[in-house]
Amino acid sequence: MKLKYFIGILFVLVILLSFIPKISGNLTDVKFYSTIDTTKIIPVKGVISEISNNLYKFIDKDGNEGKLYASNITNKEGIFYLKYNEYENHFTLKKFEKNTFFITFPFIPGLEEKARIILFHVPVAWVSVLAFLISMFYGIRYLKSENYEFDVKSVNSASLGFLFCILATVTGSIWARFNWGSFWNWDPRETSIFILLLIYAAYFALRSAIEVEEKKAKLSAVYSIIAFVTVPFFIFILPRITSGLHPGSADDLSSPGGGPVIKSGMSFEMRIIFFLSLIAFTLLYFWIFTLKNRVTELERKKI
Amino acid sequence: MIRLFGESVQKVFNGREVFNNISFDIHTPSCLGIIGKNGSGKSTLIKIIAGLLQVTKGKILYEIDGKILSPDKLFKRIGFLSPYLHLYDEFTGIENLIIFDEIRNQKKEKEFYLDLLKKVELYDRRNDLFRTYSSGMKQRLKIAFALSNEPDVLLFDEPTSNLDDTGIELIHSIMKQHKERGILVIASNDKSDYYLFDEIINLNK
Amino acid sequence: MIKESFFILKKDYKSELRNRYSFNSLLLFVIITITILLFSIGLEDISLDIHAGLFWIIVFFAATNGLSRTFVSEEERGTTLVLKLISESGTIFLGKLLFNLCLMVLLSLFVFILYLFFMNGFLIKNYFLFFVTIIFGSIGLSSASTIIAAIISKASNKGTLYPILSFPILLPLLIILIGLTKSSMIGKSIINELNQFLLIISYSGILITVSFLLFDFIWKD
């Protein structure tokens, strides 16, 4: 089975690419931050060239130029932790880090290092929605054909979706602890994922409450369809009509119009890694899904 | 003319096959008998013929003058009697009949129901609640219910159960009459019903 | 089909009159809950948000007791077979939906009257908005509950299953309804809330359509 190795390699790649790149802003970020928080030190990737003693010309990764006041610099290139001095219009160096890796992640105000969560949290959430959709798809096919196999696939996909949904909740909740200060804030997006968990918990409760297999398959398929048609009311309507903390809600100015995926702030490189991760998680889902289907089929044959 | 035919009908219930490969083809006037020991699926088959249960494989179709009857409209054409059938306890005998016909949108004159109740000898008790009836009287009211929409197809599951001698006489005369003009399907283990059968499905293998 | 479904409504109404399957226990349930609330609140002044929330919580749990009975009572008495013999599944669904709708309207009006008598802080400035909210709320609640009631009638441990299944589906509706009730207590005009009513209409419309299409699968064994 080659897919297994491919998924493995892809995951190693995604994990490395998510943690190796350093966070790097540009000079505009430093200037902007100096007006808000004077103690803030911001990493900027750039190159320097000496103008005079202790004064350098600094060119950041985006091509912005500025004057840098520093002493004892041996390296010409790397990540410079900077502060901005408004009165004298120059930057001062607080810390230096050698950096040879060609990718950096953008400096997103308020997120910084915590922005890396997007590379795991969003793909997991996406896979859970995908799994629920596939579960419903097989549910509908079961209702049409009453073929037992479709019910098996529907349940397997729903249980995987449930697992991924829990993962998304946990990763999101840990992130929320560090970003918003508590694990759970009843932000609209948190509310909607909670409801999604409730729906599928109810789905499994319903399944265990019905003895006859055909009825179990039919009724749970019907319930998942009924529940799914109300999900848009949560995912798309509620977060936008009420205010929330989550990126993409109605009062998030950085992504007007809203939507569950963060658009703002992601650089091109970061987006590539994001999509790699998305592919990796989706493939992982399909791999486990087919494995699970084979296991249930073998179990059935043995009986 | 009504034709009722089943093609290699199979029913699986909770992973267990109840019966398989049942085929029949009858048309008016005729009587189909379903026999078999307890648990062989007589009631299941007659429910399937009545459209109350779905088949797992195969099909059952009604043809009226060459046109296939839609399963949604089937209920207007059949009369069904079964020990599994329960009427509403909180309504009187005559109310039960009238309410059912209202829902069927086939309400008739009151005389019709009174005549029907006279026929099944429940006229005197027509204004008593169904829950006060004895089991034989309940069976009589169910017979009246089966006849109340003047069906072309009568489906009787153990028709003589709970009936006394006059009741058995009555239902035999009803069945004989109906057999002359429509389709009659009887699921029964009572040997005294066998003389009615034109065709037989034996569920014992 | 519409006419026949009204006869199902009539049958259920008659049967309700004789049996008092749902209504009596519903009324008692509401009275009990409000009594508990009164004791737990005491002389405390509670905010409009909590009043609006409590109102719909009572209605939701009362609906749990009442609406779930519609199909369960038929299943328990064994009368589903006779219903199948006298009408199409669509007719039955519509009839039960109508019955649930009537039950919900009566129920929420009853809760409202009790609330008005016993809850001191419960003052409504825009009665028109409030009653429209009750009507639309009843439509939404019954449209989602009827199919759930049909599903649980075929399952075991019916009592506990109903709130579990219906809560996630009803929650968006409840959130909107609580908001609307609050607006009617503040005295907002109905024109400001048209969007919310549109949401309820689309919610009920979608649920009724989907339930209507899927009911056949539940109803036929």
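With the structure loaded, tell me whether C:PHE117 is exposed (fewer than 15 other Cβ atoms within 10 Å of the Cβ), in a helix (DSSP H, G or I) and either over 16 Å from the mean Cα position of the chain (by Cα) or modelled with pLDDT of 90 or more (or both) or whether it fails that test. Even if it seems obvious, please write down each step before you answer.
Working: exposed (fewer than 15 other Cβ atoms within 10 Å of the Cβ): yes; in a helix (DSSP H, G or I): yes; either over 16 Å from the mean Cα position of the chain (by Cα) or modelled with pLDDT of 90 or more (or both): yes.
The answer is yes for C:PHE117.
Counting just the residues of the stretch C:20-38 that are part of a helix (DSSP H, G or I) and out of contact with any helix residue (DSSP H, G or I) (no Cβ under 8 Å at 6 or more places or on another chain), which one comes out farthest from the other protein chains (Cβ to nearest Cβ)? Break it down stepwise before answering.
Just the residues of the stretch C:20-38 that are part of a helix (DSSP H, G or I), to begin with: C:23-38.
Checking which are out of contact with any helix residue (DSSP H, G or I) (no Cβ under 8 Å at 6 or more places or on another chain) leaves us with C:24, C:28, C:32, C:35-36.
On the way: C:ASN24: 14, C:LEU28: 20, C:ILE32: 26, C:THR35: 29, C:ILE36: 25 Å.
Selected residue: C:THR35.
Taking the options C:THR133, C:THR160, name whichever one is closer than 21 Å to C:VAL30 by Cα and within 9 Å of chain A (Cβ to nearest Cβ).
Numbers: C:THR133 fails: within 9 Å of chain A (Cβ to nearest Cβ).
Testing whether each residue is closer than 21 Å to C:VAL30 by Cα and within 9 Å of chain A (Cβ to nearest Cβ) leaves just C:THR160.
Only strands (runs of 3 or more DSSP E) wholly contained in the stretch B:1-117 count here; list those with 3 or more residues that are surrounded by fewer than 18 Cβ atoms within 10 Å (Cβ to Cβ) and away from chain C (no Cβ under 14 Å). Reasoning before the result, please.
Working: elements: B:2-13, B:16-27, B:30-35, B:57-64, B:78-81.
Once the strands (runs of 3 or more DSSP E) in the stretch B:1-117 are filtered for at least 3 residues that are surrounded by fewer than 18 Cβ atoms within 10 Å (Cβ to Cβ) and away from chain C (no Cβ under 14 Å), what remains is B:2-13, B:16-27, B:57-64.
Would you kindly identify the strands (runs of 3 or more DSSP E) lying entirely within the stretch A:1-70 that contain at least 2 residues that are among the aliphatic types (A, V, I, L, M) and buried (at least 16 other Cβ atoms within 10 Å of the Cβ)? Outline the logic, then answer.
Numbers: elements: A:22-24, A:42-52, A:55-60, A:65-69.
Here the list reads A:42-52.
Restricting to the stretch C:72-100, count the residues that are more than 14 Å from chain B (Cβ to nearest Cβ) and either buried (at least 22 other Cβ atoms within 10 Å of the Cβ) or within 19 Å of B:PHE75 (Cα to Cα) (or both).
Start the filter on the stretch C:72-100 by keeping residues that are more than 14 Å from chain B (Cβ to nearest Cβ), which leaves C:72, C:97, C:100.
Within this subset, residues satisfying the condition of being either buried (at least 22 other Cβ atoms within 10 Å of the Cβ) or within 19 Å of B:PHE75 (Cα to Cα) (or both) are C:97, C:100.
Qualifying residue count for the region: 2.
Quick check: anything in the stretch C:183-197 at the interface with chain A (Cβ under 9 Å from one of its Cβ atoms) and not aromatic (Phe, Trp, Tyr)? Steps first, please.
First pass over the stretch C:183-197, keeping only residues at the interface with chain A (Cβ under 9 Å from one of its Cβ atoms): C:195-196.
Checking which are not aromatic (Phe, Trp, Tyr) leaves us with C:195-196.
Checked against the condition, which is being at the interface with chain A (Cβ under 9 Å from one of its Cβ atoms) and not aromatic (Phe, Trp, Tyr), the stretch C:183-197 yields at least one hit.
All but one of (1) more than 15 Å from the chain's Cα centre (by Cα); (2) surrounded by 17 or more Cβ atoms within 10 Å (Cβ to Cβ) hold for A:ALA115, so report the exception by its number.
(1)
So, A:ILE79, is that one among the aliphatic types (A, V, I, L, M) and out of contact with any Leu (no Cβ under 8 Å at 6 or more places or on another chain) or not? Let's see the steps before the verdict.
Working: among the aliphatic types (A, V, I, L, M): yes; out of contact with any Leu (no Cβ under 8 Å at 6 or more places or on another chain): yes.
Against the criterion (among the aliphatic types (A, V, I, L, M) and out of contact with any Leu (no Cβ under 8 Å at 6 or more places or on another chain)), A:ILE79 qualifies.
Answer yes or no: is there a residue in the stretch A:115-132 that is charged (D, E, K, R) and out of contact with any helix residue (DSSP H, G or I) (no Cβ under 6 Å at 6 or more places or on another chain).
Going through the stretch A:115-132, the residues charged (D, E, K, R) turn out to be A:116.
Keeping just the survivors that are out of contact with any helix residue (DSSP H, G or I) (no Cβ under 6 Å at 6 or more places or on another chain) gives none.
Checked the stretch A:115-132: no residue is charged (D, E, K, R) and out of contact with any helix residue (DSSP H, G or I) (no Cβ under 6 Å at 6 or more places or on another chain).
All but one of (1) part of a helix (DSSP H, G or I); (2) at the interface with another protein chain (Cβ under 9 Å from one of its Cβ atoms); (3) over 13 Å from A:PHE132 (Cα atoms) hold for A:GLU211; state the number of the condition that does not hold.
(1)
Just for strands (runs of 3 or more DSSP E) wholly inside the stretch A:71-164: which have at least 3 residues that are in contact (Cβ under 8 Å) with a residue 40 or more places away in the chain and touching a Phe, Trp or Tyr at 6+ places or on another chain (Cβ under 9 Å)?
Numbers: elements: A:77-85, A:90-97, A:104-106.
The qualifying strands (runs of 3 or more DSSP E) are A:77-85, A:90-97.
Please state which one of B:TYR113, B:TYR62 is of a type in the set (Ser, Thr, Tyr) and under 24 Å from C:ASP216 (Cβ atoms). Don't jump to the end; show me each part of the working.
Working: B:TYR113 fails: under 24 Å from C:ASP216 (Cβ atoms).
On inspection, the qualifying residue turns out to be B:TYR62.
Count, please, the residues in the stretch B:64-81 that happen to be under 20 Å from B:LYS179 (Cα atoms) and either within 18 Å of the chain's Cα centre (by Cα) or without any contact (Cβ under 8 Å) to a residue 60 or more places away in the chain (or both).
Taking the stretch B:64-81 and keeping what is under 20 Å from B:LYS179 (Cα atoms), we get B:64-65, B:74-81.
Going one step further and asking which of them are either within 18 Å of the chain's Cα centre (by Cα) or without any contact (Cβ under 8 Å) to a residue 60 or more places away in the chain (or both), we end up with B:74-81.
Counting residues in the stretch B:64-81 that are under 20 Å from B:LYS179 (Cα atoms) and either within 18 Å of the chain's Cα centre (by Cα) or without any contact (Cβ under 8 Å) to a residue 60 or more places away in the chain (or both) gives 8.
Please tell me if A:SER192 is closer than 25 Å to C:LEU177 by Cβ, within 10 Å of another protein chain (Cβ to nearest Cβ), assigned to a helix (DSSP H, G or I) and among the small types (Gly, Ala, Ser).
Working: closer than 25 Å to C:LEU177 by Cβ: yes; within 10 Å of another protein chain (Cβ to nearest Cβ): yes; assigned to a helix (DSSP H, G or I): yes; among the small types (Gly, Ala, Ser): yes.
Criteria met by A:SER192.
Would you check which residues across the stretch C:7-36 are of a type outside the set (Val, Ile, Thr) and surrounded by 17 or more Cβ atoms within 10 Å (Cβ to Cβ) and list them?
If the condition is that a residue be of a type outside the set (Val, Ile, Thr) and surrounded by 17 or more Cβ atoms within 10 Å (Cβ to Cβ), then C:PHE7, C:LEU9, C:LYS11, C:ASP12, C:SER15, C:GLU16, C:TYR21, C:SER22, C:PHE23, C:LEU26, C:LEU27, C:PHE29 are the ones that fit.
Being crowded, with 19+ Cβ neighbours inside 10 Å, under 30 Å from A:LYS216 (Cα atoms) and without any contact (Cβ under 8 Å) to a residue 24 or more places away in the chain narrows it down to one residue among C:PRO172, C:PRO168; which is it? Spell out how you get there, then give the answer.
Numbers: C:PRO172 fails: without any contact (Cβ under 8 Å) to a residue 24 or more places away in the chain.
Step by step, each of C:PRO172, C:PRO168 is checked, and only C:PRO168 is crowded, with 19+ Cβ neighbours inside 10 Å, under 30 Å from A:LYS216 (Cα atoms) and without any contact (Cβ under 8 Å) to a residue 24 or more places away in the chain.
Check whether at least one residue in the stretch C:39-47 is outside any helix (DSSP H, G or I) and within 14 Å of another protein chain (Cβ to nearest Cβ), and report yes or no.
If we filter the stretch C:39-47 for residues that are outside any helix (DSSP H, G or I), which is where we start, we get C:42-47.
The next check asks that each one be within 14 Å of another protein chain (Cβ to nearest Cβ); those that pass are none.
No, because not a single residue in the stretch C:39-47 is outside any helix (DSSP H, G or I) and within 14 Å of another protein chain (Cβ to nearest Cβ).
Would you mention how many residues in the stretch B:143-172 are out of contact with any His (no Cβ under 9 Å at 6 or more places or on another chain) and more than 16 Å from B:CYS31 (Cα to Cα)?
Residues meeting the conditions: 17.
Answer yes or no as to whether C:SER142 is in contact (Cβ under 8 Å) with a residue 60 or more places away in the chain, of a type in the set (S, T, N, Q) and either within 11 Å of another protein chain (Cβ to nearest Cβ) or assigned to a helix (DSSP H, G or I) (or both).
Taking the combined requirement at face value, the residue satisfies it.
Is it the case that the stretch B:150-165 has a residue that's aromatic (Phe, Trp, Tyr), touching a residue at least 60 places away in the same chain (Cβ under 8 Å) and not in a strand (DSSP E or B)?
no
The values are calculated or read from the model by the stated rules, or taken from the named source; none is laboratory data. Note that the coordinates shown come from a computational prediction; the quantities given were computed from them, not determined experimentally. Heads up, the Cβs are rebuilt from the backbone with ideal geometry, glycines too, and the neighbour counts pull from every protein chain shown.
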